[in-house]
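Undergrad: What follows is a structure written as structure tokens; I'll ask about it next.
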Amino acid sequence: MKILLHKLLFVFIGLFFVSITFSQERKLKTAQSQYDKYEYINAQETYLKIVKKGYKSADLYKNLGNSYYFNSQFEEASKWYEELVNSYPNEIEPEYYFRYAQTLKSVGRYDDADVYMKKFVEASSDDQRAQLFQSEPNYLKRIDFQSGRFEIENSSINSSFTDFGSAFYGRFVVFSSSRDTLLFKKSVHQWNEEPFLDLFMAEYNPTNGELSEIEKFDSKINSKFHESTPIFTRDGQTVYFTRNNYDGRKYGNDKKGTNRLKIYRSYKNPQGGWTTPQNLPFNSDQYSTAHPALSIDEKTLYFSSDMPGGEGQSDIYEVAINPDRSFGEPKNLGDRINTEGKETFPFISGTNDLYFSSDGHIGLGGLDVYVTRLNPQTDEEKLVVNIGKPVNSAEDDFAFIVDVESKRGYFSSNREGGKGKDDIYSFLQLEDLKSFCESYIFGVIKDSETDEIIPNAKVTIIDTNNNIIETVEADENGNYKTTAKIECNTQYFVRIEKSDYLTTEMLVTTPSGPLDLSDERKLRLVREVRTIKVGDDLAKALSLNPIYFDFDQSYIRPDAAIELAKVIEVMNQYPEMKIDVRSHTDSHGDDAYNLWLSEQRAESTLDYMVANGISADRLTSKGYGETKPVNECGNDSNCKKSEYQLNRRSEFIIVK
């Protein structure tokens with residue numbers, strides 16, 4: 001009897017585990033089916049139930065991560081991609097390194113993102129996105145260089161639903177929204193379970209960019225499915241817009257049963273309404289076309305599509321609009337603009353610049369907005385430039401439009417702090433795109449006294465925010481040349497270091513071409529400070545720039561603080577050294593006043609050094625007014641401002 005009970009128990013347990021296995025397999029098939037149909041919200045729920053039961057696999061983590069990634073839920077996607085790369089490192093296609101890097105950016109982990117982009121480069125060196133990353137190792141600095149040119153504000157027309165994709169239409173702005181469509185359409189989109197989109201319009205104030213008086217757009221245009229991203233001709237008589245593959249009678253699917261997007265066109269009728277939208281001839285049931293834009297002369301239509309033969313997930317195309325309103329053959333804009341990622345939401349400005357969004361070009365995370373010249377004449381105009389913060393963020397930023405006359409416009413974003421899933425942001429452009437003139441610095445390093453070549457010195461280029469741009473080593477002949485991209489018309493510090501020599505540093509401004517510092521005496525290396533003696537001016541021994549003061553002022557300027565740091569460093573190296581700080585003025589003003597001002601400058605210099613760690617008993621100070629000029633610019637002289645400036649200085653005389 002006991003043996004029989006044991007057998008029955010084992011049979012029951014076996015059947016129990018078989019039942020669990022079959023249940024898990026059914027759920028996996030359900031989740032995969034939902035995923036394949038782009039029902040990402042439903043797929044997420046099913047996959048999460050499976051994970052909760054303890055099931056794990058590379059495919060599960062991939063699909064779960066993708067279901068969040070394709071819905072721009074990057075923080076959640078990052079968690080599952082992290083599980084994937086940590087648990088299944090040998091089952092990862094290169095694309096997942098890229099996606100994981102993108103999601104890491106969205107949570108501000110740029111250093112970690114760079115680690116996985118390097119893995120992506122190793123695994124897919126031929127991928128244009130990998131090549132762009134390799135060519136832009138300092139991409140964050142280049143983005144910062146363009147940042148701050150826009151003043152943005154969350155638009156008053158936003159709702160708690162999805163609002164995006166605005167277009168100018170006379171005195172109106174037309175945009176897409178799902179705000180009240182559930183009142184009339186009980187269905188939701190299975191991709192993200194959001195209500196379907198309709199077009200709305202709001203009155204536009206070009207003076208301040210404010211939008212008001214929202215109303216539904218024409219019922220001939222709005223259907224029971226998605227309408228979005230319109231573009232109007234300047235006369236307001238023609239509109240192109242994006243809609244689901246639906247013509248009012250038939251709902252079209254591709255071979256897998258997926259409903260794609262198409263571009264439609266409609267005309268104003270004599271009564272002021274709109275004609276029945278026409279499906280454009282280059283649309284297809286098998287791929288999507290979306291987000292139309294018009295050239296300045298309105299003879300070319302630009303759009304985004306995933307049609308076969310493109311560079312990546314979606315590309316930007318152009319197609320000619322013929323005089324009879326027919327169309328030519330769509331043409332891909334090529335790999336200057338399109339990558340293996342997503343390029344989408346094109347817009348042509350009044351200055352013939354193409355703005356678009358991309359996750360293939362190197363950015364801050366998600367989709368970023370970029371700009372390039374449509375018909376470039378120079379190498380610089382060929383550049384695809386990230387327009388910087390605050391328009392771009394770590395999330396998706398897209399659907400950028402601008403009125404070049406008022407410098408006002410709109411873009412859309414799903415960044416934190418908005419009112420809904422996607423919001424429309426208004427902006428005022430404060431500054432035009434900055435020039436990316438690139439230069440390099442080179443020279444030969446020599447001894448300041450003997451003029452002999454100094455081999456193998458270390459040369460460091462530092463920006464004014466104290467970030468190291470590059471460190472190179474001079475060769476055996478003292479020659480060096482930077483390889484990092486150096487901006488023209490920009491200030492950098494050049495620091496040279498070599499054993500037995502004092503570290504030398506100089507602030508330079510790069511010209512429009514290469515900067516040759518071979519003959520710059522201030523960058524010649526000086527033997528160690530042990531060769532100096534009591535009575536010497538430490539500033540001269542260190543080849544410092546003079547400690548200058550502004551006219552009638554005694555505060556320490558930023559350039560002076562840099563030079564003082566070098567004096568302080570030497571005094572730290574030689575704790576027995578004592579210094580007499582001697583300050584001077586130019587000859588402008590009353591003699592007695594100048595004497596008082598120089599005392600103030602001397603005390604200011606001494607106080608600064610004490611505040612930065614030098615004991616007060618090692619320092620003395622005295623002001624000499626205008627009594628010790630370094631040139632002939634005394635009373636009643638007629639010198640240049642730059643010559644008077646030479647006398648507003650401090651000296652550091654070694655007294656012990």
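Undergrad: Looking only at the stretch 151-182, which residues are touching a Gly at 6+ places or on another chain (Cβ under 8 Å) and more than 19 Å from residue 420 (Cβ to Cβ)?
TA: Scanning the stretch 151-182 gives 169, 170.
Undergrad: Considering only the stretch 106-124, state which residues are closer than 14 Å to residue 360 by Cα and hydroxyl-bearing (Ser, Thr, Tyr).
TA: 124
Undergrad: Which numbered condition in (1) over 18 Å from the mean Cα position of the chain (by Cα); (2) surrounded by 18 or more Cβ atoms within 10 Å (Cβ to Cβ); (3) assigned to a loop (DSSP other than H, G, I, E, B) is the only one that residue 323 fails?
TA: Unmet for residue 323, out of (1) over 18 Å from the mean Cα position of the chain (by Cα); (2) surrounded by 18 or more Cβ atoms within 10 Å (Cβ to Cβ); (3) assigned to a loop (DSSP other than H, G, I, E, B): (2).
Undergrad: Same structure, new question: Taking the stretch 329-342 as the search range and keeping residues that are closer than 15 Å to residue 374 by Cα and free of Cβ contacts under 8 Å to residues at least 40 places away in the same chain, which one is farthest from the chain's Cα centre (by Cα)? If you could, list the steps in order and put the result at the bottom.
TA: So in the stretch 329-342, the residues closer than 15 Å to residue 374 by Cα come out as 331-338.
Still in the running and free of Cβ contacts under 8 Å to residues at least 40 places away in the same chain: 331-334, 338.
Working: 331: 29, 332: 25, 333: 23, 334: 23, 338: 18 Å.
The residue in question is 331.
Undergrad: So, in the stretch 616-656, exactly how many residues are within 50 Å of the chain's Cα centre (by Cα), open to solvent by 60 Å² or more (accessible area, probe 1.4 Å) and polar (S, T, N, Q)?
TA: 2
Undergrad: Every residue in the stretch 481-501 that is surrounded by fewer than 18 Cβ atoms within 10 Å (Cβ to Cβ) and under 21 Å from residue 448 (Cβ atoms), please.
TA: The answer is 493, 495, 497, 499, 500.
Undergrad: What pairs come out if I take residues in the stretch 120-144 that are of a type in the set (Phe, Trp, Tyr) and pair them with residues that are open to solvent by less than 30 Å² (accessible area, probe 1.4 Å) and not in a helix (DSSP H, G or I) whose C-beta lies under 6 Å away, six or more apart or interchain?
TA: These pairs meet every condition: 133/362; 139/362.
Undergrad: Okay, next question. When you look at residue 461, is it among the β-branched types (Val, Ile, Thr), touching a strand residue (DSSP E or B) at 6+ places or on another chain (Cβ under 6 Å), open to solvent by 70 Å² or more (accessible area, probe 1.4 Å) and closer than 30 Å to residue 380 by Cα, yes or no? Talk me through it step by step, then tell me what you get.
TA: Details: among the β-branched types (Val, Ile, Thr): yes; touching a strand residue (DSSP E or B) at 6+ places or on another chain (Cβ under 6 Å): yes; open to solvent by 70 Å² or more (accessible area, probe 1.4 Å): no; closer than 30 Å to residue 380 by Cα: yes.
Taking the combined requirement at face value, the residue does not satisfy it.
Undergrad: Output the residues belonging to the stretch 305-333 that are touching an Asp or Glu at 6+ places or on another chain (Cβ under 7 Å) and among the polar types (S, T, N, Q).
TA: 305, 313, 314, 332
Undergrad: Quick one: is residue 160 under 27 Å from the mean Cα position of the chain (by Cα) and either in a loop (DSSP other than H, G, I, E, B) or at pLDDT 90 or above (or both)?
TA: So residue 160 does not fit the description; no.
Undergrad: Just for strands (runs of 3 or more DSSP E) wholly inside the stretch 338-409: which have at least 1 residues that are hydroxyl-bearing (Ser, Thr, Tyr) and open to solvent by 10 Å² or more (accessible area, probe 1.4 Å)?
TA: Values: elements: 343-348, 353-358, 368-373, 397-403.
Qualifying strands (runs of 3 or more DSSP E): 343-348, 353-358.
Undergrad: Picking from 417, 478, which residue would you name as being on the phi > 0 side of the Ramachandran plot and open to solvent by 10 Å² or more (accessible area, probe 1.4 Å)?
TA: On the way: 478 fails: open to solvent by 10 Å² or more (accessible area, probe 1.4 Å).
417 is the lone residue from the list that is on the phi > 0 side of the Ramachandran plot and open to solvent by 10 Å² or more (accessible area, probe 1.4 Å).
The values are calculated or read from the model by the stated rules, or taken from the named source; none is laboratory data. Just so you know, these numbers come straight off a predicted model, no measurement behind them. All Cβ positions, even for glycine, are placed from backbone atoms using ideal geometry, and neighbour counts span all protein chains on display. We work out accessible area using only protein heavy atoms, side chains counted, and drop any ligands, DNA or RNA first. Shrake-Rupley method; radii C 1.70, N 1.55, O 1.52, S 1.80 Å.
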